[in-house]
Amino acid sequence: MPFKKRIRVTVNGVRHERSVEPRLLLSDFLRHGLNLTGTHVGCEHGICGACTVLVDGRSVRACLTLAVQADNAGIRTIEGHGNAQSMSALQKTFKRCHGLQCGFCTPGFLATIEDMLNKYPLESEGRIRELLSGNLCRCTGYQNIVDAVLMARDERAQAEPVNRQVEKE
Amino acid sequence: MASGLKHVGARIERREDGRLLTGGGRFVDDLRIAGTLEVAFRRSDHAHARILDIDVSAARSCSGVVAVYTADDIEGDVRPIIAQSRMRNYHPTALQILAKEKVRFAGEAIAAVVAESRYLAEDAAARIEIEYEPLESLVDPLRSMAGDAPRLHENTPSNVVVERTFARGEVEQAFHNPPVAVRERFRFRRKAPAALENRTYLADYRGAEGFLTLYTSTQVPGIIRDALVDCLDIPGNRLRVVAPDVGGGFGGKTSLYIEEVLVSVLSRKLERPVKWTSDRLEDLTATSHGFDEIVDAQLALDDEGNFLGLRADVIGDVGAYSLFPFTAGIEPVQVASFLPGPYKIDTYQGRVRCVATSKTALGPYRGVGRPVSTFVMERLVDMAAKRLGLDPKALRLQNLVQPEDFPYKVASGIVWDRSGFTEGLASACDAIGYDALRSQQEQARREGRLIGIGMATYAELTGIGSRLSASPGMPFNTGTETAHICLDSTGGITAKFGVTSFGQGLETVLSQVVADELGVAIDDVTIVQGDTAAVAHSTGSYASRGAVMGTGAAMLACAALKERLLRVAGLMLNAPAEDVTFAQAAFSAPHSGREISLGELARTYYSRQGAIATDVKNELGELSASRMYDPEWGTTSSGTHIALVEVDPETCRVKVLKYLLAGDCGQLINPRIVEGQNHGGVAQGIGAALLEEVVFDEQGQNLTASFMDYVLPSAVEVPRMEQVHLDLKKPNTLGGVRGMGEGGTIGAPAAIANAVADALAPHGCEVTELPITPERIFRLLEGARHQN
């Protein structure tokens with residue numbers, strides 16, 4: 001029997017305790033261990049960003065993270081952003097702006113952008129494009145994704161003009 | 001249910017998005033069938049070698065391994081798969097499911113391990129030992145063509161597996177001392193389609209019923225079903241192929257792949273579900289590549305700039321195998337047949353040779369042939385304009401097929417349907433402010449900046465029907481598509497299609513058309529597609545055919561269904577069918593004094609006993625209709641792209657500052673989706689022009705087998721684009737639709753190449769090779785510096 005390590009994670013608000021091989025990728029743990037198949041695997045070497053999830057609020061490549069590294073962490077996958085009847089503000093702007101086509105890269109983009117919106121003022125389109133450059137999309141040519149981010153940024157600024165948290169780095 | 005709104009032409013939000021945005025998409029790797037086994041391959045390390053010995057004993061004894069297979073173990077389980085064509089001088093080569101005596105490219109599958117998990121399968125695959133006798137790697141197609149080169153396939157007379165010439169007019173005469181001639185050798189380097197979802201196949205064979213279901217990330221489930229019926233000897237009514245959500249295709253998922261056949265074979269052998277999911281390394285080394293040609297081309301003109309003749313010699317590097325069904329000919333032959341493009345060229349000779357090399361097979365990739373033919377032709381036009389001192393816009397307008405010339409038969413035999421060739425060019429120039437842009441460029445040049453403006457005009461054959469073949473000489477029908485539309489006993493409408501979606505939003509587009517034809521709301525229509533159980537025959541989505549053929553079939557089926565519904569409504573309203581009107585999902589007749597809703601009609605017809613006379617029900621049967629649509633010759637899409645670029649003289653990096661395209665795609669079903677298709681197509685074209693290149697070393701090893709090395713454009717490299725939709729006379733397809741999914745990729749490489757060439761013009765450089773990377777620009781500038 002291969003060596004296994006016990007881990008505790010909270011995924012989308014649900015606590016899980018599992019024994020996993022140390023080599024198991026977080027992406028495979030989520031997809032095959034927890035059946036959260038909304039997290040997609042595009043390259044398994046950290047370039048395409050399709051597998052990006054939020055670990056303790058930070059966007060992380062699930063294909064470059066071992067499940068054991070997520071021990072005691074809180075993880076949010078695409079399934080935790082909102083369902084078809086109650087989408088998050090960002091999911092809605094993606095739909096309105098036609099920010100997706102095949103939808104394979106989309107969960108990773110949503111995780112990256114949630115993190116971006118929380119951390120940075122996103123003052124210009126150029127800055128947004130730079131921050132999006134770690135996620136690859138082969139269908140949309142990015143324009144409508146950028147528009148969705150701009151719309152989400154503006155909506156957020158209107159909704160919480162005072163409390164907006166901007167992490168200065 | 002009733003809808004007074006017209007859906008066709010509206011910017012409707014997509015129906016697919018609800019699931020895709022919330023993790024509810026169903027891609028093949030997301031499907032779960034209890035007891036599924038996973039496959040890992042051991043692939044060839046050599047590009048060309050004889051296999052002397054394969055030792056799988058250590059692998060067989062690894063933990064979790066159910067079985068290990070080599071070619072010998074599946075001998076007799078599958079009939080040979082050979083892509084046929086009626087083309088003369090085509091020498092077919094059979095696919096190898098697992099390599100038997102020889103490997104012909106690095107990455108070719110040799111052995112398959114089936115295990116309880118992918119991790120365990122990979123552990124075992126690493127322990128397979130293979131002894132090779134290396135043979136000469138055939139990396140350079142020019143070397144592979146040579147008489148003394150070793151043959152890749154023993155059954156072909158040479159490594160030239162396709163040879164064809166298109167000719168019209170007196171070519172020798174046109175090139176005998178023409179007043180002006182430009183000639184160049186162009187090189188378009190190999191690309192990978194690189195859909196974000198890797199290919200994935202899950203086969204589920206049920207022994208008791210002898211029934212195989214294959215879930216596959218394909219664009220062409222119907223083609224796969226029909227091919228598997230032949231090679232696995234399972235009847236079509238016991239073989240179902242399902243393409244659920246597919247994460248991009250771009251042509252890379254239009255071929256039958258050996259992995260697809262193998263999981264089917266193994267599921268039948270083991271009577272267990274068997275799955276294989278490609279990783280990115282396997283994708284970049286074993287999914288079909290695109291666009292790999294050397295083109296020697298020359299254009300003759302008179303002193304006024306009128307085109308006198310065009311001549312080209314195309315050498316296509318088609319890799320090791322002729323993929324099923326589109327053959328090794330599809331890409332390079334289309335380069336030669338489309339080279340004259342949208343221009344009036346009466347005298348043309350285009351020769352093409354497809355050369356087998358020890359590389360991954362070349363297959364269809366978005367635009368097929370035309371990104372390369374447009375690059376070559378549009379470069380020649382710009383070079384000629386420079387020679388003549390004419391503006392590139394003027395030279396194009398003068399030589400394009402003019403509105404009064406349609407239908408125009410191209411020298412290679414293609415017929416252009418009426419399309420806005422000149423109007424597209426004029427609109428693009430107007431919209432971008434071409435003349436002002438030229439003045440800005442002059443100003444920038446005075447400041448020492450390398451700014452260039454490039455344009456490209458192209459035409460594309462779309463939605464082709466039964467009068468042509470989707471690939472030269474392909475011996476089966478790609479000219480029809482089917483729609484089956486049914487009103488069920490509750491009043492629900494289900495529309496089933498053969499055309500399948502791999503991200504284009506066909507579910508939305510098709511439901512828009514059905515909703516309008518039946519006068520119902522879009523949400524009242526459920527679309528079923530991507531499943532061979534839906535319709536009797538289909539070939540799928542490729543060659544910009546989905547919208548043309550799918551909506552055409554939908555319109556015919558809706559009309560036939562409506563006829564039945566009117567007859568039933570007439571009986572219920574005591575009125576002749578011809579007096580019944582059907583609007584906003586309800587039927588009425590003069591003097592009947594009441595309306596019948598679609599739901600009421602359905603419930604009465606199916607469920608209320610005695611309401612409809614027995615003989616009528618026996619005759620009418622189900623309230624459904626199925627129709628096939630054949631657009632015969634298809635129709636022509638066209639467009640003009642204009643790019644403004646700047647080359648950084650220090651880093652040699654190209655930045656695209658402005659991008660605009662004007663296109664004629666007939667009736668826009670959903671402008672939002674049309675624009676999205678163009679955005680994505682242009683992004684791929686920009687990648688092809690500036691970044692993407694599959695590189696092999698001299699041993700035939702793919703040096704770009706990860707996304708670190710095969711560089712896809714990111715949000716930083718792709719500019720914001722502007723689009724103009726031409727509103728001209730609609731084509732004669734049902735619904736007036738032209739296909740448009742590939743245009744972006746066809747126009748962009750040429751527009752970018754011309755823009756970069758224009759930026760470098762002060763240095764006297766010409767762009768003849770794509771991608772035009774910083775290194776290539778550096779070499780061009782260095783070369784120019786040494787010459788001066």
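Just a few scattered comments:
- Residue-level check: of (1) surrounded by fewer than 16 Cβ atoms within 10 Å (Cβ to Cβ); (2) within 8 Å of another protein chain (Cβ to nearest Cβ); (3) touching a strand residue (DSSP E or B) at 6+ places or on another chain (Cβ under 8 Å), A:ASP56 misses just (2).
- Only one of B:ALA662, B:ALA643 that is open to solvent by less than 10 Å² (accessible area, probe 1.4 Å), touching a Ser or Thr at 6+ places or on another chain (Cβ under 8 Å) and assigned by TED's automatic domain parsing to the domain that holds B:ARG379: B:ALA662
- Boolean, B:VAL694 is assigned to a helix (DSSP H, G or I), surrounded by fewer than 24 Cβ atoms within 10 Å (Cβ to Cβ) and of a type outside the set (D, E, K, R): no
- If you go through segment B:366-410 and pick out every residue that is surrounded by fewer than 24 Cβ atoms within 10 Å (Cβ to Cβ), closer than 19 Å to B:ARG183 by Cβ and either in contact with a Ser or Thr (Cβ under 7 Å, 6 or more places away or on another chain) or among the polar types (S, T, N, Q) (or both), you end up with 1.
- Filtering segment A:109-135 to residues that are within 7 Å of chain B (Cβ to nearest Cβ) and either in contact with a helix residue (DSSP H, G or I) (Cβ under 9 Å, 6 or more places away or on another chain) or open to solvent by less than 10 Å² (accessible area, probe 1.4 Å) (or both) leaves A:ARG129, A:LEU132.
- Any hit, segment A:81-90, residues being within 11 Å of the chain's Cα centre (by Cα) and open to solvent by less than 10 Å² (accessible area, probe 1.4 Å): no
- Taking helices (runs of 4 or more DSSP H) as the structural unit, those lying wholly within segment B:183-287 and holding at least 1 residues that are open to solvent by 10 Å² or more (accessible area, probe 1.4 Å) and farther than 15 Å from B:ASP77 by Cα correspond to B:221-232, B:280-286.
- Options B:GLY25, B:GLY9; residue that is modelled with pLDDT of 95 or more and within 14 Å of chain A (Cβ to nearest Cβ): B:GLY25
- When B:SER624 is tested against (1) open to solvent by 20 Å² or more (accessible area, probe 1.4 Å); (2) closer than 30 Å to B:LEU561 by Cβ; (3) away from chain A (no Cβ under 12 Å), only condition (1) is not met.
- The residues of segment A:91-108 that are at the interface with chain B (Cβ under 7 Å from one of its Cβ atoms), crowded, with 24+ Cβ neighbours inside 10 Å and either not in a helix (DSSP H, G or I) or not aromatic (Phe, Trp, Tyr) (or both), listed by number, are A:GLN91, A:HIS98, A:LEU100, A:GLN101, A:CYS102, A:GLY103, A:PHE104, A:CYS105, A:THR106, A:PRO107.
- Of the listed requirements (1) out of contact with any Gly (no Cβ under 9 Å at 6 or more places or on another chain); (2) buried (at least 24 other Cβ atoms within 10 Å of the Cβ); (3) farther than 22 Å from A:CYS97 by Cα, B:LEU703 misses just one: (2).
- Check on B:GLY634, open to solvent by less than 50 Å² (accessible area, probe 1.4 Å) and at pLDDT below 95: yes
- Residue-level analysis places B:TYR458 among those that are under 30 Å from B:VAL376 (Cα atoms), surrounded by 22 or more Cβ atoms within 10 Å (Cβ to Cβ), among the aromatic types (Phe, Trp, Tyr) and not assigned by TED's automatic domain parsing to the domain that holds B:LEU601.
- Meets criteria (among the aromatic types (Phe, Trp, Tyr) and either more than 20 Å from the chain's Cα centre (by Cα) or within 14 Å of chain A (Cβ to nearest Cβ) (or both)) for B:PHE291: no
- Taken together, the criteria exclude B:THR165 from residues that are of a type outside the set (A, V, I, L, M, F, W, C) and open to solvent by less than 40 Å² (accessible area, probe 1.4 Å).
- Subset of segment B:125-162 that is touching a Cys at 6+ places or on another chain (Cβ under 8 Å) and outside any loop (DSSP other than H, G, I, E, B) - its residue that is surrounded by the fewest Cβ atoms within 10 Å (Cβ to Cβ): B:VAL160
- Residue that is farthest from B:ILE746 (Cα to Cα), among those in segment B:677-691 that are crowded, with 24+ Cβ neighbours inside 10 Å, aliphatic (A, V, I, L, M) and more than 8 Å from every other protein chain (Cβ to nearest Cβ): B:LEU690
- Inter-residue pairs, beta-carbon under 8 Å, first touching a residue at least 12 places away in the same chain (Cβ under 8 Å) and in segment B:370-393, second among the basic types (Lys, Arg) and buried (at least 22 other Cβ atoms within 10 Å of the Cβ), 6+ apart: B:VAL381/B:ARG396
- Which numbered condition B:ARG50 misses (of (1) in a strand (DSSP E or B); (2) in contact with a helix residue (DSSP H, G or I) (Cβ under 6 Å, 6 or more places away or on another chain)): (2)
- For the residues B:ALA495, B:ALA521, the requirement of being more than 14 Å from chain A (Cβ to nearest Cβ), closer than 21 Å to B:ALA586 by Cα, surrounded by fewer than 21 Cβ atoms within 10 Å (Cβ to Cβ) and over 19 Å from the mean Cα position of the chain (by Cα) singles out B:ALA521.
- A:GLY82 vs. criteria at the interface with chain B (Cβ under 8 Å from one of its Cβ atoms), modelled with pLDDT under 95 and within 26 Å of B:GLU13 (Cα to Cα): yes
- Condition check for B:THR745 on (1) among the polar types (S, T, N, Q); (2) open to solvent by 40 Å² or more (accessible area, probe 1.4 Å); (3) not in a loop (DSSP other than H, G, I, E, B): one failure, at (2).
- Within segment B:241-293, being farther than 23 Å from A:GLY103 by Cα and among the aliphatic types (A, V, I, L, M) holds for B:LEU256, B:ILE258, B:VAL261, B:LEU262, B:VAL263, B:VAL265, B:LEU266, B:LEU270, B:VAL274, B:ALA286.
- Residues of segment B:663-713 satisfying the condition of being of a type in the set (Phe, Trp, Tyr) and free of Cβ contacts under 8 Å to residues at least 60 places away in the same chain: none
- Selection over segment A:12-53 of residues that are closer than 26 Å to A:LYS119 by Cα and more than 12 Å from chain B (Cβ to nearest Cβ) gives a count of 4.
- Within the set B:SER501, B:SER541, the sole residue that is within 14 Å of another protein chain (Cβ to nearest Cβ) and open to solvent by 10 Å² or more (accessible area, probe 1.4 Å) turns out to be B:SER501.
- Filtering segment B:28-61 to residues that are within 14 Å of another protein chain (Cβ to nearest Cβ), buried (at least 20 other Cβ atoms within 10 Å of the Cβ) and not acidic (Asp, Glu) leaves B:VAL28, B:LEU37, B:ALA40.
The values are calculated or read from the model by the stated rules, or taken from the named source; none is laboratory data. Note that this is a predicted model, so its numbers are computed, not measured. In this analysis, Cβ positions are derived from the backbone assuming ideal geometry, glycine residues included, and neighbour counts consider all displayed protein chains. We work out accessible area using only protein heavy atoms, side chains counted, and drop any ligands, DNA or RNA first. Shrake-Rupley method; radii C 1.70, N 1.55, O 1.52, S 1.80 Å.
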